[in-house]
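In what follows, a structure is listed as structure tokens, so that the remarks can point back to it.
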Amino acid sequence: MHRLMQVNVVNRNGLSRFYFVLGLFSYLLVTTTCNPSTAYKTLQGQAQGSTYTIQFEAPKTIDIKQLHTEVSQLLISIDESMSTYVESSIISGLNRSEGDWFQVDDLFMRVLLSAIDVAQETEGAFDPTIGSVVQLWGFGFNEIRGDISEQNVQKALESTGFEQIYVDSLRSSVRIPEEFSIDFNAIAQGFSVDTLALLLESKGIKNYYVELGGEVRAHGYNAQGEYWKIGIDRPKDASTAGRELHAIISMNNQSLATSGNYRKYWVDKQTGIKYAHTINPKTGRPAMNQLLSTSILHSEATMADAYATACMVWGHLRCIEFLEGNAEYSGILIYTDDEENWRTYYSKELNISMVQIN
């Protein structure tokens, strides 16, 4: 009998959204195994404006239906904590708090502290207070673009700055200045994947694959006894039909997050300039560089998610410098050179079975 490779194909459309907008993400899952009596199970559903897939080797004692219920409840709890699409969520309440201290839950505090750490480490290339600027450019939850005059951009920037987030860990409270808006858009789905993985591990599950909205965490082995293999899409314009794989990666107890600027953008009809959704927190404007797609690997999906966004702000040269100077991170970058030719950078330690250059 032929042994067929299992590849989990992750499609990211260039938007790292956490919110309830159906249809922005898609995925294709292909699972083939020679042993029909395998103990591997699959849970699937919709969450956070996207879909999730969980594959795992199930212990004989586990109640699959109960586990699926716990997964759903956990995802609802995350939405109620940090989704700006839920008016009663904690993040919505904090953003309306008008400068007062506001009590948060453990989920919110964990992702906030991670976001602040990344903001400090990237010197503001990643900033969870960028919400007002994102809204101005029409990439927020209402997707309505405002007047992007230089005056309005600068005014929106005045309501940003992660240094002005105040945290009282003992009282589980957070305070932000009036007019500030916290946005976990670029970190929350990675955090959700990590939290789901921890739920599985608490049940004694050692071999698993968790994917939500394109963020992935894989541990142990798949049904073929191999490392989980993840397919990364080739960047293509939203108007282009069909799909092509750019690379296949074998993941050894790692997480993967991909961010790109090739699908979520708008074009100024007067100038013809294409404005991508990744906002540079320093300038208050969409990041303009040659980087098309960033796939970052780390042990935690939370960190991979955040740094994929930071790299899109930095551009490929600064991101390569970061990857080669930080052993706990690796990645694949797809970018264009000065002649508009596609180029690929990938960390040498990655186990890649296919790379498409052109």
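The values are calculated or read from the model by the stated rules, or taken from the named source; none is laboratory data. What you are looking at is a predicted structure, and each value in this text was computed from that prediction instead of being measured. Ideal geometry is used to build each Cβ from the backbone, glycine not excepted, and the neighbour counts take in all protein chains shown.
The table that follows gives values for the structure above.
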item: Of residues in segment 151-193 being aromatic (Phe, Trp, Tyr) and not in a loop (DSSP other than H, G, I, E, B), the one farthest from residue 51 (Cα to Cα); result: 166
item: Those residues of segment 329-342 which are over 18 Å from residue 250 (Cβ atoms), out of contact with any helix residue (DSSP H, G or I) (no Cβ under 8 Å at 6 or more places or on another chain) and of a type outside the set (S, T, N, Q), in sequence order; result: 334, 337, 338, 339, 340, 342
item: Looking only at segment 74-124, and only at residues there that are of a type in the set (Gly, Ala, Ser), closer than 17 Å to residue 49 by Cα and within 18 Å of the chain's Cα centre (by Cα), the one that is modelled with the lowest pLDDT; result: 83
item: Residue satisfying condition, being assigned by TED's automatic domain parsing to the domain that holds residue 331 and in contact with a strand residue (DSSP E or B) (Cβ under 7 Å, 6 or more places away or on another chain), within set 212, 199; result: 212
item: Lone qualifier among 113, 67 - being in contact (Cβ under 8 Å) with a residue 24 or more places away in the chain, of a type outside the set (Phe, Trp, Tyr) and either assigned by TED's automatic domain parsing to the domain that holds residue 311 or surrounded by 16 or more Cβ atoms within 10 Å (Cβ to Cβ) (or both); result: 67
item: Residues (among the β-branched types (Val, Ile, Thr) and either modelled with pLDDT under 75 or under 26 Å from residue 72 (Cβ atoms) (or both)) located in segment 209-246; result: 210, 216, 230, 240
item: Single match in 147, 168, 106, 127 (criterion: without any contact (Cβ under 8 Å) to a residue 12 or more places away in the chain and either over 25 Å from residue 308 (Cβ atoms) or in the same structural domain as residue 89 (by TED's automatic domain parsing) (or both)); result: 147
item: Leading residue by the ranking (surrounded by the most Cβ atoms within 10 Å (Cβ to Cβ)) among those in segment 195-224 that are part of a helix (DSSP H, G or I), under 16 Å from the mean Cα position of the chain (by Cα) and not polar (S, T, N, Q); result: 196
item: Test: residue 207 is among the polar types (S, T, N, Q) and not assigned by TED's automatic domain parsing to the domain that holds residue 102; result: yes
item: Residue list for segment 247-272, filter: at pLDDT 80 or above and either in a strand (DSSP E or B) or over 16 Å from residue 304 (Cα atoms) (or both); result: 247, 248, 249, 250, 251, 254, 255, 256, 257, 258, 259, 260
item: Failed item in (1) in contact with a Lys or Arg (Cβ under 9 Å, 6 or more places away or on another chain); (2) closer than 18 Å to residue 286 by Cβ; (3) crowded, with 22+ Cβ neighbours inside 10 Å, with residue 148 passing the rest; result: (3)
item: Filter pass, residue 87 being part of a loop (DSSP other than H, G, I, E, B), in contact (Cβ under 8 Å) with a residue 40 or more places away in the chain and either closer than 21 Å to residue 175 by Cα or assigned by TED's automatic domain parsing to the domain that holds residue 224 (or both); result: no
item: Residue, farthest from residue 252 (Cα to Cα), within segment 185-239, restricted to residues that are of a type in the set (S, T, N, Q) and touching a residue at least 12 places away in the same chain (Cβ under 8 Å); result: 185
item: Test: residue in segment 283-297 that is touching a Leu at 6+ places or on another chain (Cβ under 8 Å), among the hydrophobic types (A, V, I, L, M, F, W, C) and modelled with pLDDT of 95 or more; result: yes
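Let's see how each residue does on (1) modelled with pLDDT of 95 or more; (2) surrounded by fewer than 22 Cβ atoms within 10 Å (Cβ to Cβ); (3) among the basic types (Lys, Arg); (4) farther than 21 Å from residue 112 by Cβ:
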| residue | (1), (2), (3), (4) |
| --- | --- |
| 126 | yes, no, no, no |
| 141 | no, yes, no, no |
| 152 | no, yes, no, yes |
| 193 | yes, no, no, no |
